[in-house]
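Enquirer: Below is a structure I'd like to ask you about.
The values are calculated or read from the model by the stated rules, or taken from the named source; none is laboratory data. Nothing here was measured: the structure is a model prediction, and the numbers come from that model. Counting neighbours? That spans all protein chains shown, and the Cβs are built from the backbone with ideal geometry, glycine included.
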Amino acid sequence: MKEVHRHNGEAAGHRLKNVVVMKFGGTSVQDAPAIRRLVQIVRSRARFSRLVVVSALAKVTDQLISLGKLAAEEKLDVATQSLAALCRRHEQLAFELLNKEDYLRVYSELKNDFQVLGNLLSRIAENHQLSPQFQDHLAGFGECLSSRIVSAALRQANENAALVDSRSCLVTDSCYTRAAPLWEQTQERVEMLLQPLLAEGKVPVLGGFIGADPDGIPTTLGRGGSDFSATILGAALHAHRIEIWTDVDGVLTADPKLCPDARLIPRMSFGEASELAQCGAKVLHPSTLIPAMRENIPVFVLNSANPANRGTEIVSRANSGYGVRSVTLKRNVATVEIATETQVDPSLLEAVYSAFERHHGSLDWMECSRSSISLVVGSTAGLPAIADDLRGVASMSWKNHQALVCLVGENIRRRPDIVNGVFATVSDMDVRLACQSPSGRSIGLLVDESRAEESVQRLHSYFFPPCGDREEPMSTCYADALVAGQLS
């Protein structure tokens, strides 16, 4: 991808007003009809200075990582054949979207991109391993390819789109596969590269999820990191608003695949939305809201297949009431017990944290007693290695096939009627109270994986009945009342 516009001192020193950052997920760019909708949505925001962030086409990132694994396993021929199929998918998409002249130009650029990808697979095969550094370089190509096609589609629609390589402006540390942004360096790059384009009335188009460390080595922000990219860039630009375009109507009271009667939450606070993301709601990446909260930029979650829907607005303060806002589910968690013959002290806690960090363990919850530590973890892959690391310091055991069900809402921990209602609803399901967050916004329950869906459905039915079915439903039917204009 070409590097665009060097420093324009006058433009970089001027804070642009009315900037909107629009992020489109994989399903919003998955095929030609989806990208045509994207183009129309971008055009509808013409009153703003617009910046577009796109994910890879649906499922492409997983496919690229699979190719890397095949190459590392000395199956380069198989990987190369699959890469050719992936190339054809992108070429066909460009062909469906673009006129002949634009298609031929993009076709040539895609061929070059896939040649680089082929060379990268050969290097992985030579090294016989898919290192984190190689994985980041490989996985980030999906966003490079999609942003190239989307920028061309926008230009064909007479939008002054400018393709920008995210790796030139989003600077991160060198923690490959889960890099963190370096804020000052990123701010400098954004002022140098993006502000001049916006000042000229251009629409920068960037791939999400990817960046580069200070040495220019490609990195990724972790799975789901395209949302995070959008808010990082939005914060650096002091944006007026950030829009996350996805395949659902906004943040809902539950996963609609589990609860078809799940309701839209029209407005919620940053705190509630952050808690939802931490508790497993898939609509937002857990880190997404941090930059927006810091700059107090409203974030909108919207449906690219239903752009007329109002979506969910996430702001610093929302009149949320004190009921349950949503019920979330994290599957395939494990409960871990770490016991010591002496006493839990800072050195043991440091050893536990270090072991989980080394083996990329995902800690969802921790509770300490005098002689033991109880954990809920989101991935069991590294647990045997972690147990080995702690041998001689503490004994460790774990139980798989658990699910973490969370109820999220402002100050619900201080509502004994809500806690009583929870246990009355699922009292026959061998439920264990896992955690009550320090923020007071969530209550977590551990259930057997086999009863996870049933527990969510029961709790959702209890807290979100049709208005009027209960004298005082715990949700206070807040979402319905707000949509009807009964609440401010």
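Enquirer: Of the residues Leu433, Leu390, Leu404, only one is in the same structural domain as Ala351 (by TED's automatic domain parsing), at pLDDT 80 or above and in contact with a Phe, Trp or Tyr (Cβ under 9 Å, 6 or more places away or on another chain); which?
Expert: Step by step, each of Leu433, Leu390, Leu404 is checked, and only Leu404 is in the same structural domain as Ala351 (by TED's automatic domain parsing), at pLDDT 80 or above and in contact with a Phe, Trp or Tyr (Cβ under 9 Å, 6 or more places away or on another chain).
Enquirer: Need at least 2 residues that are of a type outside the set (S, T, N, Q) and in contact (Cβ under 8 Å) with a residue 60 or more places away in the chain per element, so show me which strands (runs of 3 or more DSSP E) inside the stretch 181-268 make the cut, counting only ones lying wholly within it.
Expert: Where strands (runs of 3 or more DSSP E) fall fully within the stretch 181-268 and carry at least 2 residues being of a type outside the set (S, T, N, Q) and in contact (Cβ under 8 Å) with a residue 60 or more places away in the chain, they are 203-207, 241-246.
Enquirer: Can you confirm whether the stretch 230-247 contains a residue that is surrounded by 21 or more Cβ atoms within 10 Å (Cβ to Cβ), among the polar types (S, T, N, Q), in the same structural domain as Tyr176 (by TED's automatic domain parsing) and touching a Pro at 6+ places or on another chain (Cβ under 9 Å)?
Expert: So far as the stretch 230-247 goes, yes, one or more of its residues are surrounded by 21 or more Cβ atoms within 10 Å (Cβ to Cβ), among the polar types (S, T, N, Q), in the same structural domain as Tyr176 (by TED's automatic domain parsing) and touching a Pro at 6+ places or on another chain (Cβ under 9 Å).
Enquirer: Based on this model, can you work out whether Ser82 counts as modelled with pLDDT of 95 or more, more than 26 Å from the chain's Cα centre (by Cα) and among the polar types (S, T, N, Q)?
Expert: The answer is yes for Ser82.
Enquirer: Being in a loop (DSSP other than H, G, I, E, B) and basic (Lys, Arg) is the filter here; which residues of the stretch 285-310 pass it?
Expert: Arg310 - this is the single residue of the stretch 285-310 that is in a loop (DSSP other than H, G, I, E, B) and basic (Lys, Arg).
Enquirer: Moving on to the next point. So, Glu313, is that one in contact with a Pro (Cβ under 7 Å, 6 or more places away or on another chain) and either closer than 30 Å to Gln187 by Cβ or part of a strand (DSSP E or B) (or both) or not?
Expert: So Glu313 passes the test.
Enquirer: Only one of Ala385, Ala308, Ala339 is surrounded by fewer than 18 Cβ atoms within 10 Å (Cβ to Cβ), among the aliphatic types (A, V, I, L, M) and closer than 27 Å to Leu258 by Cβ; which?
Expert: Of Ala385, Ala308, Ala339, the one residue that is surrounded by fewer than 18 Cβ atoms within 10 Å (Cβ to Cβ), among the aliphatic types (A, V, I, L, M) and closer than 27 Å to Leu258 by Cβ is Ala308.
Enquirer: So Ala162 fits all but one of (1) surrounded by fewer than 20 Cβ atoms within 10 Å (Cβ to Cβ); (2) touching a residue at least 40 places away in the same chain (Cβ under 8 Å); (3) not in a helix (DSSP H, G or I); what number is the exception?
Expert: Result: Ala162 fails condition (1) only.
Enquirer: From the list Ile373, Ile418, which residue is of a type in the set (Val, Ile, Thr) and at pLDDT 85 or above?
Expert: Criteria check complete, one pass: Ile373.
Enquirer: Gly392 versus (1) closer than 30 Å to Phe464 by Cβ; (2) more than 24 Å from the chain's Cα centre (by Cα): which is the lone unmet condition?
Expert: (1)
For every residue, the table says whether it meets (1) farther than 23 Å from Leu407 by Cα; (2) buried (at least 20 other Cβ atoms within 10 Å of the Cβ).
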{"site": "Leu197", "(1), (2)": "yes, yes"}
{"site": "Gly222", "(1), (2)": "yes, no"}
{"site": "Thr253", "(1), (2)": "no, yes"}
{"site": "Leu276", "(1), (2)": "no, yes"}
{"site": "Lys282", "(1), (2)": "no, no"}
{"site": "Ser287", "(1), (2)": "no, yes"}
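Enquirer: Sticking with this one: Can you name the number of the only condition in (1) among the hydroxyl-bearing types (Ser, Thr, Tyr); (2) modelled with pLDDT of 90 or more; (3) outside the structural domain of Asp389 (by TED's automatic domain parsing); (4) more than 20 Å from the chain's Cα centre (by Cα) that Ser354 fails?
Expert: Here Ser354 clears every test but (3).
Enquirer: Take the stretch 32-51 and flag every residue that is of a type outside the set (Gly, Ala, Ser) and out of contact with any Leu (no Cβ under 7 Å at 6 or more places or on another chain).
Expert: Pro33, Arg36, Arg37, Leu38, Gln40, Ile41, Arg43, Arg45, Arg47, Phe48, Arg50
Enquirer: Let me ask something else. Suppose the filter is at pLDDT 95 or above and within 22 Å of Arg148 (Cα to Cα); does Leu70 pass it?
Expert: Taking the combined requirement at face value, the residue does not satisfy it.
Enquirer: Now for a separate question. Give Arg155, Arg167 a once-over and let me know the one that is part of a helix (DSSP H, G or I), in contact with an Asp or Glu (Cβ under 9 Å, 6 or more places away or on another chain) and of a type in the set (D, E, K, R).
Expert: Arg155
A quick yes/no check of all residues on (1) touching an Asp or Glu at 6+ places or on another chain (Cβ under 8 Å); (2) in a strand (DSSP E or B); (3) on the phi > 0 side of the Ramachandran plot:
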| position | (1), (2), (3) |
| --- | --- |
| Gln343 | no, no, no |
| Leu349 | no, no, no |
| Tyr353 | no, no, no |
| Trp365 | no, yes, no |
| Arg370 | no, no, no |
| Val376 | yes, yes, no |
| Ile386 | no, no, no |
| Val393 | no, no, no |
| Val405 | no, yes, no |
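Enquirer: For the stretch 405-414, which positions are out of contact with any helix residue (DSSP H, G or I) (no Cβ under 9 Å at 6 or more places or on another chain) and surrounded by 12 or more Cβ atoms within 10 Å (Cβ to Cβ)?
Expert: Hit for the stretch 405-414 is Asn411, nothing else.
Enquirer: Check the stretch 394-403 and report whether any residue there is in contact (Cβ under 8 Å) with a residue 12 or more places away in the chain, farther than 24 Å from Glu272 by Cα, in contact with a Leu (Cβ under 7 Å, 6 or more places away or on another chain) and surrounded by fewer than 19 Cβ atoms within 10 Å (Cβ to Cβ).
Expert: Within the stretch 394-403, one or more residues are in contact (Cβ under 8 Å) with a residue 12 or more places away in the chain, farther than 24 Å from Glu272 by Cα, in contact with a Leu (Cβ under 7 Å, 6 or more places away or on another chain) and surrounded by fewer than 19 Cβ atoms within 10 Å (Cβ to Cβ).
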